[in-house]
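The values are calculated or read from the model by the stated rules, or taken from the named source; none is laboratory data. Quick caveat: nothing in here was measured; it's all calculated off a predicted structure. With ideal geometry, Cβ positions are generated from the backbone for all residues, glycine too; neighbour counts draw on all protein chains shown. Just the protein is used for accessible areas: all its heavy atoms, side chains included, with ligands, DNA and RNA removed. Shrake-Rupley method; radii C 1.70, N 1.55, O 1.52, S 1.80 Å.
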Amino acid sequence: MGSYRMCVCFTRKFRITEAEPPSDVKVYFDKYAEGGTHMTAEQLRNFLADVQGYGGSSTSDAERIVEQVLQKRHHHIAKLITRRTLTLEDFHHYLFSADLNPPIENQVHQDMNAPLSHYYIYTGHNSYLTGNQLSSDCSHVPIIKALKRGVRVVELDLWPNSKKDDVNVLHGRTLTTPVELFKCLKSIKEHAFTDSPYPVVITLEDHLTPDLQAKVAKLLMKTFKDMLFIPDSECFKKLPSPEELKYQIIISTKPPKEYLEDKCVTVKADNIHKRKDSEEDAWGNEPSELTEEHKDVDTSESEASEQNMDYEDNNNSNRGAEPASYKRLIALHAGKPNGGLKEALKVEVDRVRRLSLSEQALEKAAESHGTDVVRFTQKNILRVYPKGTRFNSSNYKPLIGWMHGAQMVAFNMQGYGKSLWLMHGMFRANGGCGYVKKPDFVMNDEQIFDPKAKLPVKKTLKVKVYMGDGWHLDFKQTHFDLYSPPDFYTRVGIAGVPADEVMNKTKKKEDDWTPVWEEEFTFPLRAPELALLRIEVHEYDMSEKDDFGGQTCLPVSELRQGIRAVPLFDRKGVKYNSVRLLMRFEFT
């Protein structure tokens, strides 16, 4: 008689239960519903004013919210419901809805009438690359994606084609495959203002002969027509504002050397063309650690390119095709004067210019000339770009640039990682329009801000993490664990000036698709204007690296007080359909 071996496996159930409203939500409901089982629109209005900071909200605003909640939760019988009040579950649903109760405003609300130098501008680096810096394809598609995300500065590298009779866009002296300039410009024209009306700057890294520069000028004018901003003079004495430049395309590059003149006159604001409002691993280094890598300064690609352009300009034998029209289209002049860093950072009375520094050059400048950098950026434009060794399209820590007033902190938008999450977070501010007003202390010309100075605590942010939900809708049941529900925990912290930077985490919540933490963290802030609230959810794994469960970064200066629904994003910055956290923000 044969013997049989029997194996019995015990697994934990994948049960998904809807979590109860947190205790704070119950307390507020009881208080504002005055002990009743339903909350009226007037009672909701009182809650919005007292807890959520909506002092100016009216009863009609509250009635609109009640109607939206009833339609969303009871859409199949909404017309049959005679009551226009909220139950506790309805109230919780409203608070936990990212559409109805988001953590930040989605409207432009800052003053857009200051000169361009007063804003941080959402800036791309090598915007045409689909992947790494050495061998990926060049395409117009990444440019479209960047513009749709709100990027306002697009970089194109211009090189002659193999026949020397046309212009390609590619990363020079690499194996990247080219894309035609026309395709890139056409994509910019079609998508520049779909998500923001404010100006798009095209920075050109130009390796062309005068003949081809003239050809580019014609192509720019033909493609953009009256969208193209053409300055009335050699260069700006004072930069126009984003409001003045709405729906305009600005060209920025180094002018052909032989045509530069000594003097510049101011641009008349009346003549501005006005139009009607029409892989860095996610588990790589923390952004605070990135500046410690590769301290050796290498020759930057842009510096090498500028030297190359000088050589081409001075040694080109074809002087017949004067690119005067090309030079006339350059509104924001790039390049740096002869001499050292001190000379490069000199503020000129009668002209405005754009200076480019590599991330390492900025670090060096910050060490020895920090206040000079800040002073320079109050009137001029500073562009910072990734070092040449970031072949995998990774990025660097953006805060050092922003602390020193750099407007164009250029990032590889096709990469991803924690530094890029910070960039996404910064430019969620001001309605995601791609322009964020610099803090007043960075623009104070009477007392130049010293980024090295010790600052007193200006404001304290209290953050409470109540609960999370949505993973069971956006992920497969076995995504995190084959045999059990996930064990989620949340990391919460601040990116900002060095003294403000910190990361904390909740306890892990075992075997729960809708984890409830109810933990509070306190963050004293010395520069809240530059602070970003970092939020990450991870799933604990005892034997391997913890799994990724979502992330977001939010500008602290834009946070709405009270209880808010915070939507989470994947590693590449794409918003999940359902994953979100319920949190509370309080300033003291």
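List of remarks:
- Each residue in the stretch 384-406 was checked for being β-branched (Val, Ile, Thr) and open to solvent by less than 10 Å² (accessible area, probe 1.4 Å), and 1 of them qualify.
- The stretch 468-485 residues that are over 18 Å from Val516 (Cβ atoms), paired with ones that are part of a strand (DSSP E or B) (beta carbon under 8 Å, 6 or more apart): Asp474/Tyr576; Asp474/Asn577; Asp474/Ser578; Asp474/Val579; His479/Asp547; Asp481/Glu539
- Taken over the stretch 498-545, residues that are in a loop (DSSP other than H, G, I, E, B), touching a Lys or Arg at 6+ places or on another chain (Cβ under 8 Å), among the acidic types (Asp, Glu) and on the phi < 0 side of the Ramachandran plot amount to 0.
- Within the stretch 141-190, the residues that satisfy the criterion of being surrounded by fewer than 20 Cβ atoms within 10 Å (Cβ to Cβ) and part of a helix (DSSP H, G or I) are Val141, Ile144, Lys145, Lys148, Arg149, Phe182, Lys183, Lys186, Lys189, Glu190.
- Test: residue in the stretch 407-423 that is open to solvent by 10 Å² or more (accessible area, probe 1.4 Å), at pLDDT 95 or above and under 24 Å from Ser241 (Cβ atoms): no
Matching residues to (1) at pLDDT 95 or above; (2) out of contact with any Phe, Trp or Tyr (no Cβ under 8 Å at 6 or more places or on another chain):
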{"position": "Phe475", "(1), (2)": "no, yes"}
{"position": "Thr478", "(1), (2)": "no, yes"}
{"position": "Ser484", "(1), (2)": "no, no"}
{"position": "Thr490", "(1), (2)": "yes, no"}
{"position": "Ile494", "(1), (2)": "yes, no"}
{"position": "Pro498", "(1), (2)": "yes, yes"}
{"position": "Asp512", "(1), (2)": "no, no"}
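- Residue among Asn106, Asn161 that is at pLDDT below 95 and under 18 Å from the mean Cα position of the chain (by Cα): Asn106
- Single residue of the stretch 1-45 satisfying the filter (open to solvent by less than 60 Å² (accessible area, probe 1.4 Å) and at pLDDT below 65) that is farthest from Ser484 (Cα to Cα): Gly2
- Flag for Arg73 being open to solvent by 10 Å² or more (accessible area, probe 1.4 Å), modelled with pLDDT under 95 and within 19 Å of Met467 (Cβ to Cβ): yes
- Some residue of the stretch 83-99 being within 20 Å of Ile563 (Cα to Cα), surrounded by fewer than 21 Cβ atoms within 10 Å (Cβ to Cβ) and among the hydrophobic types (A, V, I, L, M, F, W, C): yes
- A count restricted to the stretch 48-70 and to residues that are at pLDDT below 90 and open to solvent by 40 Å² or more (accessible area, probe 1.4 Å) stands at 2.
- Scanning the stretch 477-497 for residues being assigned to a loop (DSSP other than H, G, I, E, B) and out of contact with any helix residue (DSSP H, G or I) (no Cβ under 9 Å at 6 or more places or on another chain) gives a total of 7.
- Residue count for the stretch 511-524 under the criterion of being among the charged types (D, E, K, R), surrounded by fewer than 18 Cβ atoms within 10 Å (Cβ to Cβ) and in contact with a strand residue (DSSP E or B) (Cβ under 9 Å, 6 or more places away or on another chain): the result is 3.
- If you check Asp500, Asp440 for being surrounded by 21 or more Cβ atoms within 10 Å (Cβ to Cβ) and acidic (Asp, Glu), only one passes: Asp500.
- Residue satisfying all of: in the stretch 551-562; out of contact with any Asp or Glu (no Cβ under 7 Å at 6 or more places or on another chain) and outside any loop (DSSP other than H, G, I, E, B); farthest from Arg491 (Cα to Cα) among these: Gly562
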